[in-house]
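Have a look at the structure below, then the notes.
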Amino acid sequence: MNTQPFFSTLIDSYFIAFGVLIGGSIIGGMAAFLTGKPPLNQIFQISNMIRIWAIIAAIGGTFDTVYSFERGVMDGQTKDIFKQFMLILSALGGAQTGAMLINWLTQENISA
């Protein structure tokens, strides 16, 4: 069982998703540079492709989340459903923040 306090887990979830998205995009951009592709364009595209994986990595895989939802619905433990919802929301926020930062840094999709 997870012995870490819930608020601490929320912060971890946010920054894990943020870090996976930023790190994966930057490393992918280095690979694009080495292969002769435009790095900033590739960084932006990679950040869009790995957003869901950053969220999944942050919540620790899907089976724990599904089990917590099942326990909440079948056993009437609504506290677990709320906690899992907050963890997913925190991971979504971290991934969105990372994607927005990548968008700002690469200057993609800026209308004149």
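Remarks
One line per residue, one yes/no per condition, for (1) surrounded by 15 or more Cβ atoms within 10 Å (Cβ to Cβ); (2) modelled with pLDDT under 85; (3) in contact with a Lys or Arg (Cβ under 7 Å, 6 or more places away or on another chain):
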| site | (1), (2), (3) |
| --- | --- |
| G61 | no, yes, no |
| V66 | no, yes, no |
| A99 | yes, no, yes |
| L105 | yes, no, no |
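- Tally of residues being within 21 Å of S90 (Cβ to Cβ) and assigned to a helix (DSSP H, G or I) across region 18-58: 18
- Among the conditions (1) modelled with pLDDT of 80 or more; (2) open to solvent by less than 100 Å² (accessible area, probe 1.4 Å); (3) touching a Gly at 6+ places or on another chain (Cβ under 9 Å), the only one that F82 does not satisfy is (2).
Results for (1) more than 27 Å from Q4 (Cα to Cα); (2) open to solvent by 50 Å² or more (accessible area, probe 1.4 Å); (3) of a type in the set (S, T, N, Q), shown as yes or no for each residue.
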| position | (1), (2), (3) |
| --- | --- |
| I27 | yes, yes, no |
| G36 | yes, yes, no |
| N41 | yes, yes, yes |
| I46 | yes, no, no |
| I55 | no, no, no |
| E70 | no, yes, no |
| V73 | no, yes, no |
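The values are calculated or read from the model by the stated rules, or taken from the named source; none is laboratory data. A quick note: this is a predicted structure, and the numbers were derived from the prediction, not measured. When we count neighbours, we look across all protein chains shown, and the Cβ atoms used for this are built from the backbone with ideal geometry, even at glycine. For the accessible areas, the whole protein counts, side chains as well, though only heavy atoms, and no ligand, DNA or RNA atoms are used. Shrake-Rupley method; radii C 1.70, N 1.55, O 1.52, S 1.80 Å.
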